[in-house]
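Quick notes on the structure that follows.
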Amino acid sequence: METPQLGHPSIQAAFEALQAGDKAAWFAQFSADAELLDDGQPLAFRPFFENAIGHERFVSIDAVSLDGHELIGTIETEQWGSFKAYFRFSLNAEGKLNKLEIGRAD
């Protein structure tokens, strides 16, 4: 799969870390107080991704928003199989990712 061009170096690095299963690189892109919303429901960020990184990855990208902060594609997970999903990243003033909204895409 070709890696999409995303809207900020931290978003690009986080995406590449997810794809590579690199937990250290993934967490390095996020602020200590990063929030996670899964289909609008808040979840504990670190525990969720401690389990997900290395077991989930995008197998295709269908769309990237104009600002490069949101992507939609097919994600493959060991637990839930493959499905269409979105990832929407938000940045704080220091350029760290501080919020990630994920969920099923239609």
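Where a number appears in this text, it was derived from the coordinates with a stated rule and is not lab data. Every value quoted in this text rests on a predicted model; they were computed, and no experiment measured them. When we count neighbours, we look across all protein chains shown, and the Cβ atoms used for this are built from the backbone with ideal geometry, even at glycine.
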Return the FRET efficiency for the residue pair residue 80, residue 23: r is the Cβ-Cβ distance, R0 is 22 Å, and the value is rounded to the nearest 0.05.
-> 0.65
Considering the values [x] 24.7, 77; [y] 12.5, 36; [z] 20.2, 72, which represents Rg and Dmax of the Cα atoms in Å as calculated for the structure under consideration?
-> [y]
Treating cross-link reach as a plain straight distance, find the aspartates and glutamates whose alpha-carbon is under 14 Å from the alpha-carbon of residue 96, omitting any fewer than eight places away in the same chain.
-> 33, 35
Choice from 76, 94, 50 with maximal GNM fluctuation in the chain (Cα, 10 Å cutoff) = 94
Residue 104-residue 55 FRET efficiency (beta carbon distance; Förster radius 22 Å; 0.05 resolution) | 0.80
Report, in deg cm²/dmol and to the nearest 500, the calculated mean residue ellipticity at 222 nm for the chain, where each DSSP H run with n ≥ 4 adds -39500 (n - 2.57) and the sum is divided by the residue count.
-> -7000 deg cm²/dmol
